[in-house]
Amino acid sequence: MSEKKSKGFDTKMRPAGEMYVWLCGMGLASGIIMVIGLLWIIVANGVEVFWPRPVYQVKMTDGSVVAASIVEDREKKVAEAGGDFKHEYKLFTGNKDVGPQFRYVDHDAIESMDVAEGIWMADREGSGKAIFYPVELTLADGKTVSAESPEFKAELQGVIDAAEEARHQAEVIDKGVIRDYAAENKELVFEIRLLQNNNPDERKDLQQMDELYKRINMLGADAQDQRAELMKEYDELASRGGPFAQLMEIHDRSTTLFKEYEEYFIESDALKASIKTTTLRYKLIDGTERSYTAGEILNFYQPNEFGFLDKVKFFIAHFWMFVTDSPREGATEGGIFPAIIGTFVMTVLMSAAVMPFGVLAAIYLREYAAQGLFTQAVRIAVNNLAGVPSIVYGVFGLAFFVYGMGSWIDSGAEDPMAVASWSIWLIVAIVVLVALLVLAQEGLWKTRTWMPNKFRQQAVSGLSIVFIVLLGCLIYYSPFFNGFFADRAMLNEPTFGSGGVLWASLTLALMTVPVVVVATEEALAAVPRGVREASLACGASKWQTIQRIVMPASASGILTGLILAMARGAGEVAPLMLVGVINHVEELPIDASYPFFHFERKFMHLGFHIYDLGFQSPDSEAAKPMVFATTFLLIVLVVVLNLGAILIRDHLRKKYATGTF
Amino acid sequence: MATVTATEPTLTEHTAPSPDPSYIQVKNFSFWYGSSQVIHDQTFSMPKQKVTAFIGPSGCGKSTLLRCFNRMNDLIDGIHHEGDITVGGESIFNPMLEVISLRKRVGMVFQKYNPFPKSIYENIVYSLRVAGRNKKSELDEVVERSLRNAALWDEVKDRLQDSALGLSGGQMQRLCIARAIANQPEILLMDEPCSALDPVATGKIEELIHQLKRQFTIVIVTHNMQQAARVSDRTAFFYLGKLIEYDETQKIFMNPEKPQTEDYVSGRFG
């Protein structure tokens, strides 16, 4: 092209608004920077926890010596020095049983800082990390092994492994057989309490008799005189007959039950005792000697001797432990496995609850309802639900699910806590009835026209009729329903009447319904009119069109809604606090004991765990790194769940691509 | 629903007289979208196993009338009609008539090809599946017959399980025709079936229409004057919701009675 000015073209002309591309780019850039910054803080801080740091021998100017790793080197403003900055270290000194784990030391106060050659670190059950030089190991048979001897490490590792094995066996017994015992015994305790409740006049004496029974069982084998005395008193009460005889009968059963399981108790106790038979004597860096039960040491390592590969191994091992262990010591040590499982189960349950609900509602709203003022109002109302603070859902969940439905399941309509009488149940029943009638009608209708596979269709309609009859019975009997766990509820041991993972999931499902409804509606609206008309013109009914054409074509959009709902639900904390989250659980909502799914149980949740660690922990310094690590895992979990949904979505998208429209 | 027996293609010449000259009857029919009337009190009838073409400028109501024959307009809110339309003497607005059974007798091909995002095979058998007919042998037979009738069999017989969306525009439209005739309807409505296609594909479809009219009564809406002249036996010219002239195609194009018709077919307006 020539530089010569052409008469026809205005070369000075520029398209209007071309520079706005920079503005748009800046918007995106700041978004990316924020996301990367946030992720960086979380990942860096969360991952750092598991990376071994070198341990220094720190000599103070006042003459004291500590072994410590540097957590942070920071500036602080000193008021007296006219606003000057001073540098200080935040040191991790461990040895919680001796003094504070963390210390802040000014740079000025440190005389020298050298790498502490050959120093050991160990995780201990009950007292956190120890930093020490080993001296001597006393084995169970009284043999001692000096730290200098070449087999010292092997011996110590042997002790740790043996203790680990014993601990594991004891746990198997405790969580298996002894839990069965506890469950059966609990039933007996309930019987006793029920008996006392049912006989208010004799309650006091019954309590006394129960007390006597407990005292007799507590007595050692040598206290024969005292036993005879108590037995006499007990027999006297028992001979009164009536409820007393019943109580004695229960006590007899309790004794038999205990005898049955006695050997396991003994075995478990013996295993636990075997852990405590070894002792490790060690020296702190300032020379003081201490001893600790060697069996309670979980692992040991020499961080200053680590090569890079050792560090990586250590990192992986500790990270794995964090993911698969239960929390210990106020959650500052150990792992977060129960929280991962709790979050996972809750999110999956929530998705299972919110999907059919939200999708069906959206289908009605978009496909069936006449588009008018009312529909628009409903749509706006649903959208606005997304703006209700989540804690409000928590309160609602507590009132409706926990106190309402939960108490109803526990003790029926008579319970004063249950939502006023059975009218609610009637409404629920009518909704279910309508749903079943629709299904039954479909089944009956199909038998008339659909000749092949006739048997299956008849079975469907037959079953539906049975369901309807059963439901009728349920409705009829509901005012007289006394709950499945009435006895426990009466003794303030609610089953479903207190928070649990089921109620938490339903509460969150309610909270995320707007997300699913909006996304589904968008997806349905995006299905081109052409294919709908084609389907109808082929003689398909409206429902067949929705089921066979519209739903598959909008499946990917619907799943996008689910992904958004999951992300919102999994990260939510506030409502969960009211409907079933707690900071430590012994039992997971899914385990190997019948019936495998225990959705009435309380659960741990990663989001709540973060809050609990950060603000409720007895040792906030120790908990701080765990906050980041937990956050990191929560993000990983959400990403994993989302990736699953995204994979399904992409699969569907490929399958039902409506590319030509 | 009346059972539809497969009419075997006969060797009748297309000039043969129709077995039922007033098969589809429109009686004093008016139609409104909301308060605007788009069809004004029309009465006429169409013969069986012939091709009737509707021509006229945009907005004259020809597509609307076409979509009344299988009650596709039911989907739109705020419509109403007066008068009646009968097919073989039966009213299609009979309140006892399930619209699905009407649509089984009256197939439709749309302006823009709209195959389902499914395989070619599933597209064809869709109308059978929704009617609850799932027997493999029957479906296979229907697929072959429909595709052969739609002159598409040789092109797709080796990839019946491939997505229908991988076909070319012309093939997709013929697939839509195959889909529309799979369930053996009596009437085939075509709403500007070639307006999105190139001349070669258009030629194929026109040829197809010639073949199909031996079995089906075809009503076609078109903007293409030559097409109407080529494919139809009778032509109806609509203008502003009124049937201006309706006669043998040859007469409409060669020797129309009304000046408006002449202006339109000769390209002076429209």
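For every residue, the table says whether it meets (1) under 25 Å from A:Val382 (Cβ atoms); (2) touching a residue at least 12 places away in the same chain (Cβ under 8 Å); (3) surrounded by fewer than 23 Cβ atoms within 10 Å (Cβ to Cβ); (4) not assigned by TED's automatic domain parsing to the domain that holds A:Gly397.
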residue: A:Ala504; (1), (2), (3), (4): yes, yes, no, no
residue: A:Ala509; (1), (2), (3), (4): yes, yes, no, no
residue: A:Leu524; (1), (2), (3), (4): yes, yes, yes, no
residue: A:Arg532; (1), (2), (3), (4): yes, yes, yes, no
residue: A:Trp543; (1), (2), (3), (4): yes, no, yes, no
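What number of residues within the stretch A:610-622 satisfy the criterion of being assigned to a helix (DSSP H, G or I) and of a type in the set (Ser, Thr, Tyr)?
So the answer is 2.
Being without any contact (Cβ under 8 Å) to a residue 24 or more places away in the chain, under 38 Å from the mean Cα position of the chain (by Cα) and either loosely packed, with under 13 Cβ neighbours inside 10 Å or not assigned by TED's automatic domain parsing to the domain that holds A:Glu267 (or both) is true for just one of A:Gly142, A:Gly158. Which residue is that? Break it down stepwise before answering.
Working: A:Gly142 fails: under 38 Å from the mean Cα position of the chain (by Cα).
Only one candidate qualifies: A:Gly158.
Looking at the stretch A:300-322, is at least one residue surrounded by 19 or more Cβ atoms within 10 Å (Cβ to Cβ) and in contact with a Ser or Thr (Cβ under 7 Å, 6 or more places away or on another chain)?
No, the stretch A:300-322 has no match at all.
Given (1) within 20 Å of B:Ile209 (Cα to Cα); (2) within 13 Å of another protein chain (Cβ to nearest Cβ), identify the lone condition not met by B:Val99.
The number of the failed condition is (1).
Just need a number here: residues in the stretch B:108-137 that are at the interface with chain A (Cβ under 7 Å from one of its Cβ atoms) and assigned to a strand (DSSP E or B). Step through it out loud before you land on a result.
Looking only at the stretch B:108-137, we keep the residues that are at the interface with chain A (Cβ under 7 Å from one of its Cβ atoms), and these are B:108, B:110, B:112, B:114, B:116-117, B:126-127, B:130-132, B:134-135.
Those left that are additionally assigned to a strand (DSSP E or B): B:108.
Within the stretch B:108-137, residues that are at the interface with chain A (Cβ under 7 Å from one of its Cβ atoms) and assigned to a strand (DSSP E or B) number 1.
Working carefully through the options A:Pro575, A:Pro625, find the one that is touching a Gly at 6+ places or on another chain (Cβ under 7 Å), part of a helix (DSSP H, G or I) and either crowded, with 18+ Cβ neighbours inside 10 Å or without any contact (Cβ under 8 Å) to a residue 12 or more places away in the chain (or both). Don't jump to the end; show me each part of the working.
Working: A:Pro625 fails: touching a Gly at 6+ places or on another chain (Cβ under 7 Å).
Testing whether each residue is touching a Gly at 6+ places or on another chain (Cβ under 7 Å), part of a helix (DSSP H, G or I) and either crowded, with 18+ Cβ neighbours inside 10 Å or without any contact (Cβ under 8 Å) to a residue 12 or more places away in the chain (or both) leaves just A:Pro575.
Can we say A:Lys153 is assigned by TED's automatic domain parsing to the domain that holds A:Leu230, in a helix (DSSP H, G or I) and not acidic (Asp, Glu)? Spell out the reasoning first.
Working: assigned by TED's automatic domain parsing to the domain that holds A:Leu230: no; in a helix (DSSP H, G or I): yes; not acidic (Asp, Glu): yes.
In short, no.
Do we find that A:Leu257 is farther than 19 Å from A:Ala162 by Cβ, of a type in the set (A, V, I, L, M, F, W, C) and free of Cβ contacts under 8 Å to residues at least 24 places away in the same chain in this structure?
Details: farther than 19 Å from A:Ala162 by Cβ: yes; of a type in the set (A, V, I, L, M, F, W, C): yes; free of Cβ contacts under 8 Å to residues at least 24 places away in the same chain: no.
Criteria not met by A:Leu257.
Listed here are the residues, each with its yes/no results for (1) under 27 Å from A:Phe322 (Cα atoms); (2) more than 14 Å from chain B (Cβ to nearest Cβ); (3) modelled with pLDDT of 90 or more; (4) in a loop (DSSP other than H, G, I, E, B).
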position: A:Trp543; (1), (2), (3), (4): no, no, no, no
position: A:Pro552; (1), (2), (3), (4): no, no, no, no
position: A:Ala555; (1), (2), (3), (4): no, no, no, no
position: A:Arg568; (1), (2), (3), (4): yes, yes, no, no
position: A:His584; (1), (2), (3), (4): yes, yes, no, yes
position: A:Ser593; (1), (2), (3), (4): yes, yes, no, yes
position: A:Phe608; (1), (2), (3), (4): yes, yes, yes, no
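From the list A:Val71, A:Val115, A:Val55, which residue is within 15 Å of A:Pro303 (Cβ to Cβ) and surrounded by fewer than 16 Cβ atoms within 10 Å (Cβ to Cβ)? So that I can check it myself, show each step before the final result.
Details: A:Val71 fails: surrounded by fewer than 16 Cβ atoms within 10 Å (Cβ to Cβ); A:Val55 fails: surrounded by fewer than 16 Cβ atoms within 10 Å (Cβ to Cβ).
The match here is A:Val115.
Of everything in the stretch B:66-96, what is over 25 Å from B:Ala182 (Cβ atoms) and either under 15 Å from the mean Cα position of the chain (by Cα) or within 9 Å of chain A (Cβ to nearest Cβ) (or both)? Give them in sequence order.
B:Asp77
Is it the case that A:Ala525 is modelled with pLDDT of 85 or more and within 14 Å of another protein chain (Cβ to nearest Cβ)?
no
Enumerate the strands (runs of 3 or more DSSP E) found wholly within the stretch B:151-270, keeping only those where 1 or more residues are away from chain A (no Cβ under 14 Å). Full working, then the answer.
On the way: elements: B:187-191, B:217-221, B:234-239, B:242-248.
In the stretch B:151-270, B:217-221, B:234-239, B:242-248 are the strands (runs of 3 or more DSSP E) which contain 1 or more residues that are away from chain A (no Cβ under 14 Å).
Tell me whether the stretch B:143-166 contains one or more residues that are in contact with a helix residue (DSSP H, G or I) (Cβ under 9 Å, 6 or more places away or on another chain), surrounded by 22 or more Cβ atoms within 10 Å (Cβ to Cβ), within 21 Å of B:Lys204 (Cα to Cα) and in contact (Cβ under 8 Å) with a residue 60 or more places away in the chain.
Checked the stretch B:143-166: no residue is in contact with a helix residue (DSSP H, G or I) (Cβ under 9 Å, 6 or more places away or on another chain), surrounded by 22 or more Cβ atoms within 10 Å (Cβ to Cβ), within 21 Å of B:Lys204 (Cα to Cα) and in contact (Cβ under 8 Å) with a residue 60 or more places away in the chain.
Do we have any residue at all in the stretch A:349-368 that's more than 21 Å from A:Thr631 (Cβ to Cβ), surrounded by fewer than 21 Cβ atoms within 10 Å (Cβ to Cβ) and within 14 Å of chain B (Cβ to nearest Cβ)? It would help to see each step written out before you state the result.
Going residue by residue through the stretch A:349-368, those that are more than 21 Å from A:Thr631 (Cβ to Cβ) are A:349, A:351-368.
Filter once more, so that each one left must be surrounded by fewer than 21 Cβ atoms within 10 Å (Cβ to Cβ): A:352-353, A:355-357, A:360-361, A:364-365, A:367-368.
Next cut, within 14 Å of chain B (Cβ to nearest Cβ) only: A:367-368.
Checking the stretch A:349-368: at least one residue is more than 21 Å from A:Thr631 (Cβ to Cβ), surrounded by fewer than 21 Cβ atoms within 10 Å (Cβ to Cβ) and within 14 Å of chain B (Cβ to nearest Cβ).
The values are calculated or read from the model by the stated rules, or taken from the named source; none is laboratory data. Computed from a prediction, not measured in an experiment: that's the story for all the values here. Ideal geometry is used to build each Cβ from the backbone, glycine not excepted, and the neighbour counts take in all protein chains shown.
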